[in-house]
Amino acid sequence: MILQYWLQEFEHESENTRKLLQSIPQKDLGYRPSDISWTMGELAQHIATIYYWYVGALTQDVYDIASDHLERGSPNDIQATLALFEDNVQKAREALSTLTEEQLSQEWTMTAGDRVVLGPMPRGIVDRGFLFNHVYHHRGEMIVYLRATGNKVPGLYGPTYEDGTA
């Protein structure tokens, strides 16, 4: 039953992520709020990349991120990032649709070569925390970037401040 809800949430939230990424202007991709922060383009690309990680998290018991090479394109090209996002959402959707309730309790680990990065932990915890919530966290950052550069934030859960009705 939980997987049916996750599939619905995935579709709804992917659409919200799409709206957010589509609102990023090419001219502001180089914006960086601090020396230790990503640029807007790098953050957008990271958000698009998280959807690719669904495949490794949902279809492998041990996901070695170091051996998984994804061609991302330039973070300075919003159209390349949007294409990356669309491709990765489709892959994530397919991986999520193959998941069973039983697999949610199976142990999962992320490695980077010989180093354990995350886990071992039940796949269901990974799915909720590392995948779903990770995207939401970075979307919140992107909203701050958009506002700091004077751009309109799209309504993800209703009207926004910029709409004058929030």
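Read-outs throughout are calculated quantities, based only on the coordinates presented, and are distinct from any laboratory measurement. Quick caveat: nothing in here was measured; it's all calculated off a predicted structure. Every residue, glycine among them, receives a Cβ derived from its backbone with ideal geometry; neighbour counts consider all protein chains shown.
Which of the lysines could a cross-linker bridge to LYS19, judged by Cα under 16 Å and excluding same-chain residues fewer than eight apart?
Reachable lysines: LYS152.
Please compute the net charge surrounding GLY140, taking Lys and Arg as +1 and Asp and Glu as -1 over other residues with Cβ under 15 Å from its Cβ.
For residues surrounding GLY140, the net value is +1.
Quick one: helix 2-22 against the long Cα principal axis of the chain, what's the angle to the nearest 10°, folded into 0 to 90?
On a 0 to 90 degree scale, this one is about 30.
Compute the relative contact order of the chain as a whole-number percentage, counting only Cα pairs closer than 8 Å that sit 6 or more residues apart in sequence.
Rounded, it is 27 percent for the chain.
Between the alpha-carbon centers of the stretch 99-166 and the stretch 3-67, tell me the distance in whole angstrom.
If we compute the Cα centre of each part, the gap is 8 Å.
Placing +1 at every Lys and Arg Cβ and -1 at every Asp and Glu Cβ, with all other atoms neutral, what dipole size does the chain have around its Cα centre, in debye to the nearest 20?
Details: 13 positive and 23 negative charges, 102 e Å.
Taking the Cα centre of the chain as origin, the dipole is about 500 debye.
Using all C-alpha to C-alpha distances in the stretch 33-75, build P(r) with 10 Å bins and read off the rounded percent in each one.
All Cα pairs considered, the percentages come to 24, 44, 26, 6.
For the stretch 68-166, run through the trypsin sites (Lys or Arg not before Pro) and keep only the ones in DSSP coil with at most 13 other Cβ atoms within 10 Å of their Cβ.
The qualifying sites are LYS152.
Within 14 Å, Cβ to Cβ, of GLU102, how many net charges do the neighbouring residues add up to if Lys/Arg are +1 and Asp/Glu are -1?
Neighbourhood net charge equals -3.
Computed over the Cα atoms, what is the radius of gyration of the chain divided by 2.2 N^0.38 Å, N being its residue count?
So the chain has a normalised radius of gyration of 1.08.
Assuming 0.36 nm per residue, please report the length gained on full extension of the stretch GLN26 to HIS134 beyond their Cα-Cα distance.
36.5 nm
Measure nothing fancy, just the Cα-based angle from helix 40-59's long axis to the longest principal axis of the chain, in degrees from 0 to 90, nearest 10.
20 degrees
In which sequence would ASP35, ASP77, ASP61 go, from the one with the fewest C-beta neighbours within 10 Å to the one with the most?
Neighbour counts put them in this order, fewest first: ASP35, ASP61, ASP77.
Take every DSSP beta bridge with both residues inside the stretch 2-152 and express the antiparallel ones as a percent of the total, to the nearest 5. Write down the numbers at each step before the final one.
Numbers: 5 of 8 bridges.
Once the DSSP bridges in the stretch 2-152 are tallied, antiparallel ones form about 60 percent.
Taking only Cα atoms and a 10 Å spring cutoff, compute GNM fluctuations for the chain and point out the largest among HIS138, HIS46, HIS12.
Fluctuation is largest for HIS12.
What angle do you read, to the nearest 10 degrees and between 0 and 90, between the alpha-carbon axis of helix 134-148 and the longest principal axis of the chain?
The answer is roughly 10 degrees.
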